[in-house]
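K.L.:
The structure under discussion is supplied below as C-alpha cells; questions concerning it will follow.
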Amino acid sequence: MVHADASNFVIGVTKDQAYEQVLMQAEGLFDGQRNWVCNLSNAASLLWHAYKSLPSPSNQVNWAGFYTLNPLSPSPQLILGPFQGKVACQTIAFSRGVCGVAAATQTTQLVRDVDAFPGHIACDGDSRSEIVVPIVVSQEGTGEKKLVAIIDIDCAVLDGFDEVDRVYLEKLGGLIGRSCDWWLWSSGDRLDC
Ligand code: SME
C-alpha cells in the first residue's frame, strides 16, 4: 500500500462508506503528524476523491478545501488553506459569505441554493450549493471555543448536500481540530488541543 491508495474509492461505494473511508484514512494519516498544512492537504485530497467516486450530486463537487483563521489580520478573518479545485478567494472577513457566517457563529451552514444565501461570495460562478463546517478547539485553561478553520465544499448543482454530509463533515472537523497543532504565529501563542 502506498500513500496515494488512501484516495482510491471502490466503484459503487455509498456516501456513508466513502465518508467512513475518509475518516479512517484521515485518522491513519494524522497519526504521528500534527502539522495543520500537511493534514489539511491530505484531508482535501481524500474529500475530493471521495466525491468524485460517488454518483450525482456528490460527483458535481467543484471545490473542496479549507480556510483557516488568519492570525495576522487585525480583524477576524479567514485565509485560504489547502484545497482541491479552481483558484479561490484569498481572504474572507468573519460574517461575510457562507464561510464567514460559519466562522463567526461556529455553526454549520448547509446551503441548498447559494443564490438564496444573502452575501454568498461567488469565488466560482459554477457553484450552486455549498456546505461549510467550522473547526473549533477549546482553549486550554479557559475552555473557550476558538475557531481555527472551516471546511468548505462547493457543488455545481442545487441541493448538492444533505444531512449525511453534515454529520460526516462535522465528524471530520472534530478529528481535524484535535489532530493538529494550531499556531497563532503572530503572537507566539499556541492552542494545544
Ligand atoms: N462561497 C464562499 C466563498 C469561498 S469559495 O466557495 C471557495 C462563501 O460564500 O463564503
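The values are calculated or read from the model by the stated rules, or taken from the named source; none is laboratory data. The model shown is predicted, which means the values in this text are computed figures rather than measured ones. As a convention, Cβ positions derive from the backbone with ideal geometry for all residues, glycine included, and neighbour counts pool all protein chains shown.
K.L.:
If I filter region 52-61 for residues that are at negative phi, under 14 Å from the mean Cα position of the chain (by Cα), of a type outside the set (Val, Ile, Thr) and buried (at least 19 other Cβ atoms within 10 Å of the Cβ), do I get at least one hit?
P.N.:
Checked region 52-61: no residue is at negative phi, under 14 Å from the mean Cα position of the chain (by Cα), of a type outside the set (Val, Ile, Thr) and buried (at least 19 other Cβ atoms within 10 Å of the Cβ).
K.L.:
Determine which single condition LEU23 fails, assuming it passes every other condition in (1) among the hydrophobic types (A, V, I, L, M, F, W, C); (2) buried (at least 20 other Cβ atoms within 10 Å of the Cβ); (3) within 15 Å of the chain's Cα centre (by Cα).
P.N.:
The failed condition is (2).
K.L.:
Is it the case, given these coordinates, that PHE66 is crowded, with 22+ Cβ neighbours inside 10 Å and at pLDDT 95 or above? Can you show your working first?
P.N.:
Details: crowded, with 22+ Cβ neighbours inside 10 Å: yes; at pLDDT 95 or above: yes.
Here the answer is yes, as PHE66 does meet what is asked.
K.L.:
Kindly check whether there is at least one residue in region 71-82 that is part of a loop (DSSP other than H, G, I, E, B), over 17 Å from the mean Cα position of the chain (by Cα), surrounded by fewer than 19 Cβ atoms within 10 Å (Cβ to Cβ) and among the aliphatic types (A, V, I, L, M). Walk me through how you get there before you give the answer.
P.N.:
Of region 71-82, the ones part of a loop (DSSP other than H, G, I, E, B) are 71-76.
Next, only the ones that are over 17 Å from the mean Cα position of the chain (by Cα) stay: 71-76.
Narrowing the set further to residues that are surrounded by fewer than 19 Cβ atoms within 10 Å (Cβ to Cβ) leaves 71-76.
Retained after the next criterion (residues that are among the aliphatic types (A, V, I, L, M)): 72.
Scanning region 71-82, I find at least one residue that is part of a loop (DSSP other than H, G, I, E, B), over 17 Å from the mean Cα position of the chain (by Cα), surrounded by fewer than 19 Cβ atoms within 10 Å (Cβ to Cβ) and among the aliphatic types (A, V, I, L, M), so the answer is yes.
K.L.:
Considering region 122-169 alone, what residues qualify as being within 12 Å of the ligand (Cβ to nearest atom) and at pLDDT below 95?
P.N.:
Listed by number, the residues that qualify are ALA122, CYS123, ASP124, GLY125, ASP126, SER127.
K.L.:
How many residues does region 109-122 hold that are surrounded by fewer than 21 Cβ atoms within 10 Å (Cβ to Cβ) and touching a strand residue (DSSP E or B) at 6+ places or on another chain (Cβ under 8 Å)? Quick ask: steps written out before the conclusion?
P.N.:
Step one: of region 109-122, the residues surrounded by fewer than 21 Cβ atoms within 10 Å (Cβ to Cβ) are 110, 112-122.
Next cut, touching a strand residue (DSSP E or B) at 6+ places or on another chain (Cβ under 8 Å) only: 110, 112-114, 117, 120-121.
Looking only at that region, the number is 7.
K.L.:
Would you mind stating whether GLY97 is small (Gly, Ala, Ser), near the ligand (Cβ under 8 Å from one of its atoms) and either more than 12 Å from ASP152 (Cα to Cα) or buried (at least 22 other Cβ atoms within 10 Å of the Cβ) (or both)?
P.N.:
Working: small (Gly, Ala, Ser): yes; near the ligand (Cβ under 8 Å from one of its atoms): yes; either more than 12 Å from ASP152 (Cα to Cα) or buried (at least 22 other Cβ atoms within 10 Å of the Cβ) (or both): yes.
Yes: the conditions hold for GLY97.
K.L.:
For region 130-150, state whether one or more residues are crowded, with 19+ Cβ neighbours inside 10 Å, of a type outside the set (Ser, Thr, Tyr) and in a loop (DSSP other than H, G, I, E, B).
P.N.:
no
K.L.:
In region 72-88, how many residues are more than 10 Å from the ligand (Cβ to nearest atom) and more than 18 Å from TRP36 (Cα to Cα)? It would help to see each step written out before you state the result.
P.N.:
At the first step, the residues of region 72-88 found to be more than 10 Å from the ligand (Cβ to nearest atom) are 72-77, 79, 81-82, 84.
From what's left, more than 18 Å from TRP36 (Cα to Cα): 73-76.
Result for region 72-88: 4.
K.L.:
Only one residue in THR91, THR108 is within 16 Å of the ligand (Cβ to nearest atom) and without any contact (Cβ under 8 Å) to a residue 24 or more places away in the chain. Which one? Show your work before the answer.
P.N.:
Numbers: THR108 fails: without any contact (Cβ under 8 Å) to a residue 24 or more places away in the chain.
When all the criteria are applied, what remains is THR91.
K.L.:
Within the set of pairs 6 or more residues apart or between chains, which connect a residue that is within 18 Å of LEU47 (Cα to Cα) inside region 111-135 to a residue that is among the small types (Gly, Ala, Ser) and part of a strand (DSSP E or B) with Cβ atoms less than 7 Å apart?
P.N.:
ILE135/ALA149
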